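J.: Quick one: this structure, given as structure tokens, is what I'll be asking you about.
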Amino acid sequence: MGDRVRTGIRVEGVVQGVGFRPFVYSLATSLGLGGHVGNDADGVFAEVEGSPEAVARFLTLIEQEAPPLARIERVAVTGLAVTGSADFVIAPSQADGQRRTLIAADTATCADCLRELADPADRRFRYPFINCTNCGPRYTIVRDVPYDRPLTTMSGFAMCARCAAEYHDPANRRFHAQPICCPACGPRLSLAAADGTKLPGSDPVRAAAELLCTGKIVAVKGLGGYHLSVDAGNAAAAAALRARKHREDKPFALMVPDLTAARMLCEVDETAARLLVSARRPIVLLPRLPAADEYVAPAVAPGNRQLGLMLPYTPLHHLLLSAVARPIVATSGNVSDEPIAFTDGDALERLAGIADAYLMHDRPIHIRTDDSVVRALTGGESVIRRSRGYVPDPVTVRFRFRRPVLACGAELKNTFCLAKQDRVFVSQHIGDLENAETLRSFTEGIEHFRRLFDVQPELVAHDLHPDYLSTKYAAELAGVELLGVQHHHAHIAACLADNGEAGPVIGVAFDGTGYGTDGTIWGGEFLIADLAGFERAGWLDPVAMPGGAAAIRQPWRMAAAYLAVCYPGGPPAGLAVLQRNERHWAAMLAMMAREINSPLTSSAGRLFDAVAALIGVRDSINYEGQAAIELEQLAVVSERGSYPAAVSSRDGRLRVRASDLVGAVAEELIAGVAPPVIAARFHNGVAAAIVAICTRLREQSGLTAVALSGGVFQNLLLTGRVVAGLEEAGFRVLLHSRVPCNDGGISLGQAAVAGARDLR
Ligand SMILES: [Zn+2]
Ligand SMILES: [Zn+2]
């Protein structure tokens, strides 16, 4: 007995409400250790006592075999004096002190719960709210911290005796599962008609499934909001949903019963399969198979080579999908670009006229959270919309913030974040800050985050654009220091932070619009940047945007602007874009010539728009980025031809004559080259120009790493060509993975810039 040691352990990260204490309890008892484990405001603390071998084994396994939802960020170990304790106990929670522990993200139903859901002998057989320590709602039901049932939207449901017994039993897999419930004590499902009146019937799931199978539109309450669903194979239903939602072309996401069903619709490689079945359950964008036509109506994702698929992530989804037994559309419950409906009253009001019925329940959603959207990358993922299942897991960075930071994000695809120590808490996708509802999500979301993570920001970062509502919000805050961060610098800083790097790098920020330091609209930028600062080292030659924002909605205006640069004497005959828009063409030229409402822009997004219109993809758009997305879809992937663009240098700053690319497109069109080939050659030309500029900047600066950011890099064809070209030229390339390359990543970049400047 002589050789005993006692060790104190502190574990930080997502370790509460995820079954960590029962895990520690059973690990310690299985190794014959004495001591205790408990929760406090910092996370989990434990003391273990026993043989040095057993204690060492414990310390190894505590990290290796942690419960699936736990995310361990730090384990601190201290030596203690032996006290002789032989038993191991779970200590009561200590609720005082700073709120430093982390709340888990919402998590898809686990395999154990699914087994019980399907087991007629189980008391939760077919119960749509089954959950446990390893799965179920978390972030979306939390009203405040500490994460405890009374502070969640489960507070109105008193546990029955059997649930309470499970909740208090350390050996039970529902020990301290805050949303624990059963048919006797938990939330209930109901089906309501279009006018909101409850429909009678004992099985709302089966009734809803029947409605779906007969072509009806059903609103289904999920974890972070309502979906609108129809049978994906029913052309009339899908078309009706589009018409009622006022959503012309933007693809709908699909929910499929399982992986086998996903494989019938799309190419699903190993990485994609892992993402589809992951506990986060994002929408995964996947290459569509021809066979999908049999199950997916044309109106679901018109003209798209990809489909966005997700698997069921709540017990309700599992029950519904197995009853329907075919892919269903599961698109956000909203009209057009409004935020998703998440309260029952809101859903009944805003989805009236769209939904034929509502499959709803009485467990409130506290925080609106959209589905996340990702793509599979070799061995990993690239997040396009970071929301449900990901939030509020922090993005850790490789430096420590000196003061707490709030970063307000951009205008479109807004997210905000709070940062302290080495953690950045990036919010769920808020949306486009252009209506009162979204603005309220933004301001209330910031207040909620401040409470949840106990952060009082002292430094507030915002975009330079004076008219962004996020900028105006920052300007009205009292008692904080403000820091404006240039939009494209924020993009590159986000990419650096995403990769755990600090730079300096050559940053390529290609997007639609961002306010420049000179007051013009930037968007095709080459920066020499680190987290703290940047220099604008190169850009696309600016062109006019005739009509300002109207040129974003009508890409043919950008075609007119670029053609005016290419052909000052007038464009060559035979261009269809000119014929299609003949009535307004001269007015457009006059507007630019007189410099009326024609701001200059170096935007790469507008360059893609111009080419899309010129080729005949489309003259006007129904959603952001549509023309560029369709141009990418059109391109022949195997085509290797390319167009050159001249590069000029003034005072060491490089300018790309992007109009050369547009001129080449026009000439090949007139020569009768097929548009899909031209689209590919254009992509290759842009990629070649990027590689050429980076090579020149490497000669000037000695930098060999390139960070790619901005929404344009959601274009897989372009990104693939750029990465291949850069790597062939010997560059190291940084891409986004944890946060989006689009404006959803801006808040992380702003926070990183603020944190880095604060350290100087
Ligand atoms: Zn479970
Ligand atoms: Zn119960």
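J.: Explain nothing, just the number: dipole magnitude of the chain about its Cα centre with +1 on each Lys and Arg Cβ and -1 on each Asp and Glu Cβ, in debye rounded to the nearest 20.
T.: Magnitude of the dipole: close to 220 debye.
J.: Only Lys, Arg, Asp and Glu count, each charged at its Cβ (+1, +1, -1, -1), so figure out the dipole size of region 673-760 about its Cα centre, rounded to 20 debye.
T.: Computed charge dipole of region 673-760: roughly 80 debye.
J.: Going by the alpha-carbon gyration tensor, a ≥ b ≥ c the square roots of its eigenvalues, is region 626-746 rounded (a/c under 1.5) or, if a/c is not under 1.5, prolate (a/b greater than b/c) versus oblate?
T.: oblate
J.: If you don't mind, there's one more thing I want to ask. Is the shape of region 378-425 rounded, prolate or oblate, going by the alpha carbon gyration tensor and its root eigenvalues a ≥ b ≥ c, with a/c under 1.5 for rounded and a/b larger than b/c for prolate?
T.: Judged from the Cα gyration tensor, region 378-425 comes out oblate (a/c at least 1.5, b/c at or above a/b).
J.: Can you list residues from other chains, or at least 5 along the same chain, whose modelled amide H is less than 5 Å from the amide H of N234?
T.: A297
J.: Set Lys and Arg Cβ to +1 and Asp and Glu Cβ to -1, take the dipole of the chain about its Cα centre, and tell me which of P504, Q714, A341 lies farthest positive.
T.: The residue sitting most towards the positive pole is A341.
J.: Whole Å is fine, so just give me how far the alpha carbon centre of region 418-450 lies from that of region 210-238.
T.: Rounded to whole Å, the Cα centres lie 29 Å apart.
J.: Taking Cα centroids, how far is region 740-760 from region 651-689 in Å?
T.: 33
J.: Say the dipole of the chain comes from +1 at the beta carbon of Lys and Arg and -1 at that of Asp and Glu; which of L307, I141, F88 then lies farthest toward its positive end?
T.: So the residue we want is F88.
J.: Next question, about the same structure. Using 0.36 nm per residue, how much length does the chain from R400 to R305 gain when fully extended, once their Cα-Cα distance is taken away?
T.: 29.9 nm
J.: Then there's this: What accessible area per residue, rounded to a whole number of Å², is obtained for region 534-610 using a probe radius of 1.4 Å?
T.: Spelled out: the 1.4 Å probe surface of region 534-610, per residue, equals 43 Å².
J.: With a cut-off of 8 Å between alpha carbons and a minimum separation of six or more residues, what is the relative contact order of region 579-673 in percent?
T.: 19
J.: Once you sort the root eigenvalues of the Cα gyration tensor of region 494-638 as a ≥ b ≥ c, which label holds: rounded (a/c under 1.5), prolate (a/b larger than b/c) or oblate (the other case)?
T.: Cα axes put region 494-638 in the prolate bin.
J.: Can you tell me the Rg and the Dmax, both Å, for the Cα atoms in the chain?
T.: My reading of the Cα-based Rg and Dmax gives 27.6, 97 Å.
J.: With the full set of protein chains in place, find how many percent of the accessible area of region 291-448 is carbon and sulfur; take the probe as 1.4 Å.
T.: 49
J.: Taking the Cα centre of the chain as the origin and placing charges on Cβ (Lys, Arg +1; Asp, Glu -1), which of G533, P170, I629 is farthest toward the positive end of the dipole?
T.: Among G533, P170, I629, the one farthest towards the positive end of the dipole of the chain is P170.
J.: Suppose we take every Cα in region 24-159 and form the convex hull; what volume per residue is that in Å³?
T.: 149
J.: Moving on to the next point. For region 369-505, what is the relative contact order in percent, using Cα pairs closer than 8 Å and at least 6 residues apart in sequence?
T.: This gives 20 percent for region 369-505.
J.: Over region 662-736, with every protein chain in place, what whole percent of the accessible area is carbon and sulfur at 1.4 Å, could you tell me?
T.: 55
J.: Another question about this same structure. Please compute the net charge surrounding F88, taking Lys and Arg as +1 and Asp and Glu as -1 over other residues with Cβ under 13 Å from its Cβ.
T.: Combined, the nearby Lys, Arg, Asp and Glu give -1.
J.: Also, I was wondering about something else. What chymotrypsin sites (Phe, Trp or Tyr not before Pro) in region 610-713 are in a loop by DSSP, with at most 15 other Cβ atoms within 10 Å of the Cβ?
T.: In loop regions of region 610-713 (DSSP not H, G, I, E or B), the sparsely surrounded chymotrypsin sites (Phe, Trp or Tyr not before Pro) are Y623.
J.: So for the chain: antiparallel DSSP bridges make up what percent, rounded to the nearest 5?
T.: So the antiparallel bridges amount to about 75 percent of the total.
J.: If you look for lysine pairs in the chain that are eight or more places apart or on different chains, how many of them have Cα atoms under 22 Å apart?
T.: 9
J.: Further question on the same structure: For the chain, what does the helix formula give at 222 nm: sum of -39500 (n - 2.57) over DSSP H segments with n ≥ 4, over the residue count, nearest 500 deg cm²/dmol?
T.: Rounded to the nearest 500, it is -10000 deg cm²/dmol.
J.: Once you place label points 7 Å from the Cα toward the Cβ at R74 and R162, how far apart are they in nm?
T.: Simple spin-label model gives 4.4 nm for this pair.
J.: Cα centroid distance between region 352-414 and region 549-619, in Å?
T.: 36
J.: Next up: Given Cβ point charges of +1 (Lys, Arg) and -1 (Asp, Glu) and nothing else, what value in debye, to the nearest 20, does the dipole of region 321-362 about its Cα centre take?
T.: 280
J.: A further question on this structure: Which is the longest part of the chain that has none of the GluC sites (Glu not before Pro) sitting in a DSSP loop with at most 11 other Cβ atoms within 10 Å?
T.: With a cap of 11 other Cβ atoms within 10 Å, the longest stretch comes to 66-475.
J.: What number, in percent, do you get for the relative contact order of the chain if the mean sequence gap of Cα pairs under 8 Å and at least 6 apart is divided by its residue count?
T.: With pairs under 8 Å counted, the relative contact order is 11 percent.
J.: Give me, ordered by chain and number, the residues 5 or more places off H465 or on other chains with an amide H under 5 Å from its own placed amide H.
T.: Y515
The values are calculated or read from the model by the stated rules, or taken from the named source; none is laboratory data. The model shown is predicted, which means the values in this text are computed figures rather than measured ones. All Cβ positions, even for glycine, are placed from backbone atoms using ideal geometry, and neighbour counts span all protein chains on display. The accessibility values were calculated without ligands, DNA or RNA, using every heavy atom of the protein model including side chains. Shrake-Rupley method; radii C 1.70, N 1.55, O 1.52, S 1.80 Å.
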